[in-house]
Amino acid sequence: MIDEKSKKAEVLPVVRKNGLDLKNASEELRGDREVVIRAVRQNGYALRYASEELRGDRDVVMEAVRQNSDALQYAEQLRGDREVVIRAVQQNGCALQHASEELRGDRDVVMAAVRQDGLALEYASEYLRGDREVVMAAVRQDGLALEYASEYLRGDREMVLAAVKNDGHALFWASKELRADRDFMLEAVKQDVRAFIYASVELKRDKKVVLAAVQQNGRAVYYFSDELRIEMAECWAKCMDCEVKNDL
């Protein structure tokens, strides 16, 4: 255990095992470059306890984000440093939330982020959430990123199908017009049967859409209403009855 009276020789081996113990070191040692680098290499979050000067030291911050990308939140002076931010988002796309406003509007930075984690689209600038290429990269990585796309792109057939292909639940974020479009829903349920859950009320009773869902995955019946399941069971029973009579 170290405290503010501990010497550098005592602190170094301690922070090497647990970087967060830096918080117990003296103010002088929290401003010592060697001690802080040793700490952030073990745990990037240790940057939080470094001196203001070292939290603005590029080499120290790079070491911290290399170990834990979320350490970027403690590097107030370097949230606008392109190289530091790209290093962080390549490890964890959602570290984009800690970047400067300017870099959250930088296309290359945002692309790096959404390719690592599509949900990082949430932290992109409004303009880039309407950029077709950026959003496509995001939904291909995680279909649920469609939630953060512009209203226009949430009504784009190709975009929504790409999202649904990754995760059928993405259809929840699609425009009402698409969820009520018969041709579109036929394609959507072929990509992922879970898309059926979010079809319009009318299309959930559409024979072609229902058949397409069942053909894609027999478990689609679990997404049908009780009324529809009863209706299908009655139909099936009638068919079976006809087959029996024909055999006789």
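The values are calculated or read from the model by the stated rules, or taken from the named source; none is laboratory data. Because the structure is predicted, anything quoted here is derived from the model rather than measured. Cβ sites come from the backbone with ideal geometry, for glycine too, and all protein chains shown count toward neighbours.
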Specify which of the listed residues (VAL84, VAL40, VAL89) is under 26 Å from GLU10 (Cβ atoms) and among the hydrophobic types (A, V, I, L, M, F, W, C).
-> VAL40
Output the number of residues of the range 16-44 satisfying the condition of being in a loop (DSSP other than H, G, I, E, B) and surrounded by fewer than 15 Cβ atoms within 10 Å (Cβ to Cβ).
-> 3
By residue number, the members of the range 136-172 that are assigned to a loop (DSSP other than H, G, I, E, B) and among the polar types (S, T, N, Q) are SER150
Inside the range 52-135, counting only helices (runs of 4 or more DSSP H) that do not spill past its ends, which hold 2 or more residues that are more than 24 Å from GLU27 (Cα to Cα)?
-> 82-91, 107-116
Counting only residues that are farther than 13 Å from ARG154 by Cβ, among the aliphatic types (A, V, I, L, M) and assigned to a helix (DSSP H, G or I), which one in the range 173-186 is farthest from the chain's Cα centre (by Cα)?
-> LEU186
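Given the criteria farther than 18 Å from VAL36 by Cβ and of a type in the set (Gly, Ala, Ser), does GLY56 qualify?
no
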Determine whether TYR123 is surrounded by 19 or more Cβ atoms within 10 Å (Cβ to Cβ) and outside the structural domain of VAL61 (by TED's automatic domain parsing).
-> yes
Take the range 1-15 and flag every residue that is closer than 20 Å to GLN67 by Cβ and either among the polar types (S, T, N, Q) or surrounded by 11 or more Cβ atoms within 10 Å (Cβ to Cβ) (or both).
-> VAL11, LEU12, VAL14, VAL15
